[in-house]
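Step one of this worksheet: look at the structure below.
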Amino acid sequence: MRLPTLRQIGALPAAWMALAVIATAMIYVLGLPGAFTFDDFPNIVDNTDLRVAHASVPSLISAALSSPSSDFKRPLASLSFALNILATGMNPVPMKITNIVIHLLNGVFVFLLTRRLLARNPLQPDLHESRTAILVSVAWMVLPINLTAVLYVVQRMESLANLFVLLGLYGYTVGRQRMLRSGDGRLTVTMSLVACTAFGLLAKETAVLTPLYAFLLEIFVFRWQTAATGGRLPRSRFVIALFIVILIIPGIAGAMWIGPALLRASTWAPREFTMSTRLMSEARIVFDYLAWTIFPSPGSLSFYHDDFRISTGLLAPVTTLISIAGLVSLVAAAVLVRKRAPLVGLGIAWMLACHTLTGTVIPLELIYEHRNYFASMGVMLALVTALRGRAMTTAAGSSDVTSPRSRGVANVILALAIFYWAALTAFTAYRWSTPVGLAEELAIRNPHSPRAQYELGRMYVIGSQYEPSSPFTPLVSGQLERAAVLPGASTLPEQALIFFAARMHRPIKDAWWDSMVAKLHAKSPTIEDESAITSLSSCSLSGTCALPADRIVQLYLAALAHPNPRARLLAGYADFAWRGLHDTPLAFRLSKAASAKEPREPAYHITVIREALALGDHAAVAEHMTALEALNVGGRLENSLAPLRIQVEENSEGAKELDEP
């Protein structure tokens, strides 16, 4: 039996795809030694519910429903973190390996989906179609803008959700192509969208866009057609009805559900933007994303973008109006090329659709690079197929409109682009390999970002280990004071300065406290501000920091002076009032207010019950025990409820004994 030659192996699409996967893995392996960062801490490191000791149903349910990042809890992503911890402990390396594997799987599905869309005969795609699909996949896998969805551990939520998005779109494409050939495939189409959307939503809410992506696939590629009868392709009533059920009706219901909250001023109070200024700003941000995808640079992909100037009018800045006109032009371009180059139009449409959830009216933070994880695939689909001349796919087939010479030029352009993208991703991955190296790199990339400059100071604090002789110790104060005075800076730099000085037994400047109070008075506290305050109060309560109680009270009062304080802030002040000020009536009022704010958070009910037991408030105990029992889905709260039931029973028996004559 003769072995295949290298030339024959090179002609196999599977060999090229395997090489692309291996090359991408080698790039990302450079970032494996890195530590947890930013939102990894509240979602993973500080989330004690993820530290399951054994794989029991109650503990796994508790872990799955523990995410603080969303009211929907993102249980599948949280469960995957818990299983990582169960297998290898709180170690970021295995978690990053898991993320890389998910990213590579996504790359394979990008290849399979693109090849299906390109092929004249989906059952036997030719070599050129397969190579074009590989180029789309490898370009997308090595894009620098996608790095945070891979090496930033918590963003497994994004990549895992998109694994189901891509699987759903692939299944939908397979089913629709069957419908065009023979009329079969309805079950595949339906289950692909329904099941994959449902599983994707368990990882992150972005998967809710799966039916919208399929709808655009229908508009640009399949065009509502079904199997030919009598020489024509009639419209499929089944497909039309399917989208009414899974897209139109849920879309209307969702708008009615969130609409009233979006119209309330209190919804926007914690943000520095309103709905109108957010929409104007996002028009510019979408074009920033597009530029960062195709023409990335270290300065643009700086992770932190908190120095972005919010649009306050169509001409403030003038790029707002230009960007809005640009968005209209992109929509028009996608429509105009729909028949002549449908995959170019589809790629543009997918890119824009990806930002309809995070880039419109929901009051999220303005900019995050990982939000382009699916959008960048749309960009690569449009770019690569246009350059390679394989954008002419329709439901009936495809045609190649490029000459060999122009195709050769296109291949050179793509090769250079992919090499540059891969090199920048590899360099950035390498910088992610050490905490201080990453912080220094991001501070260099964006010198005007308060978060980037604070994070570098925080890394210096950690690196110092509170040792006077450490080379990092002299760097701390100067770096944090620079971060504190940057426009838009939160109270975190001052908090870190106070914390570091207290741990080092150095004098704490009044100016740091005064700066925190002034910032808290100036605007509604952000989540970062709440973290700063609760961190100082916790440090004081633990005895680690000798801090004046009146200064901590000042911080809480300044933050609570704004309307609609969050439950976390109320609970933090309640804890300090109970253990630090010994003002139990104040603490109890605040604890009840926190549980009323977030009635589905078990921790707040547990605190109220414990305080009510201490104060002898039996009515409050009964009320919050009932609420806690209702939240005990699958026994996930049993470890907390069991000792509370014993305490309540003992307290009840003691009360009866006192009542007896």
Can you give me the relative contact order of the chain as a percent, contacts being Cα pairs under 8 Å and 6 or more apart?
12 percent
Least to most buried among C196, C354, C545, by other C-beta atoms within 10 Å and fewest first, runs C545, C196, C354
Helix 473-484: inclination vs the chain longest Cα principal axis, degrees, rounded to 10, gives 80 degrees
Would you mind calculating the gained length between D71 and A333 on full extension (0.36 nm times residue separation, minus the Cα-Cα distance), in nm to one decimal?
90.6 nm
Most exposed to least, judged by fewest other Cβ atoms within 10 Å, V331, V153, V648 sort to V331, V648, V153
Scan around Q225 for amide H atoms under 5 Å from its own, H built in the peptide plane at 1.01 Å from N, and keep only partners 5 or more places away or cross-chain.
S236
I'd like the orientation of helix 527-542 relative to the chain: the angle between its Cα long axis and the longest Cα principal axis, in ° from 0 to 90, rounded to 10.
40 degrees
Averaging sequence separations of C-alpha pairs under 8 Å and six or more residues apart, then dividing by the length of the range 588-659, give the relative contact order as a whole percent.
24 percent
Give me the distance in nm between label points sitting 7 Å out from Cα along the Cα-to-Cβ direction at Q554 and S538, one decimal.
2.3 nm
Averaging 1/r across every pair of distinct alpha carbons in the range 392-535 and inverting yields a Kirkwood hydrodynamic radius, in angstrom, of 18.5 Å
Two pseudo-spin positions, 7 Å from Cα along C-beta at D39 and at Q124, lie apart in nanometres by 4.8 nm
Would you calculate the separation in nanometres between label points at A198 and I249, each defined as 7 Å from the Cα along the Cα-to-beta-carbon direction?
1.5 nm
Arranged by the count of other C-beta atoms within 10 angstrom, fewest first, what order do Y604, Y420 take?
Y420, Y604
Rounded to the nearest 10 degrees, what's the angle between the helix 127-141 long axis and the longest principal axis of the chain, both from Cα atoms, 0 to 90?
20 degrees
Could you work out how far the C-alpha centroid of the range 32-76 sits from that of the range 466-542, in angstrom?
27 Å
Can you work out the FRET efficiency for the pair V318 and D46, with r the C-beta to C-beta distance and R0 = 41 Å, to the nearest 0.05?
0.40
Using r as the Cβ-Cβ distance of D288 and M191, and R0 as 35 Å, what FRET efficiency do you calculate, to the nearest 0.05?
0.40
Report the relative contact order of the range 219-340, percent, no decimals, based on alpha-carbon pairs under 8 angstrom and at least 6 residues apart.
20 percent
Which whole-angstrom value gives the distance between the alpha carbon centres of the range 232-270 and the range 113-185?
25 Å
For the chain, what does -39500 (n - 2.57) per DSSP helix run (n ≥ 4), summed and divided by total residues, give at 222 nm, in deg cm²/dmol to the nearest 500?
-21000 deg cm²/dmol
J(HN,Hα) series, the range 63-71, from Karplus relation 6.51 cos²θ - 1.76 cosθ + 1.60, nearest Hz, glycine and proline x
5, 5, 9, 9, 5, x, 8, 7, 5
I'd like the projected area of the chain, averaged over all directions, using the convex hull of its alpha carbons. Report it in nm² with one decimal.
35.9 nm²
Considering only C-alpha atoms, what is the centroid distance from the range 565-587 to the range 337-360, in Å?
49 Å
Summed residue charge, Cβ within 10 Å of L301's Cβ, Lys/Arg positive, Asp/Glu negative
0
Note the full-extension length gain between S652 and A561 as 0.36 nm times their separation in residues minus their Cα-Cα distance, in nm to one decimal.
28.9 nm
State the extension gain, in nm to one decimal, for the chain segment bounded by I413 and H54, taking 0.36 nm per residue of separation less the distance between their alpha-carbons.
124.0 nm
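Read-outs: derived from the displayed coordinates by stated rules, not from any lab. Predicted model only: the values in this text are computed from it and were never measured. Reconstructed Cβ throughout: ideal geometry from the backbone, glycine too, with neighbour counts over all protein chains shown.
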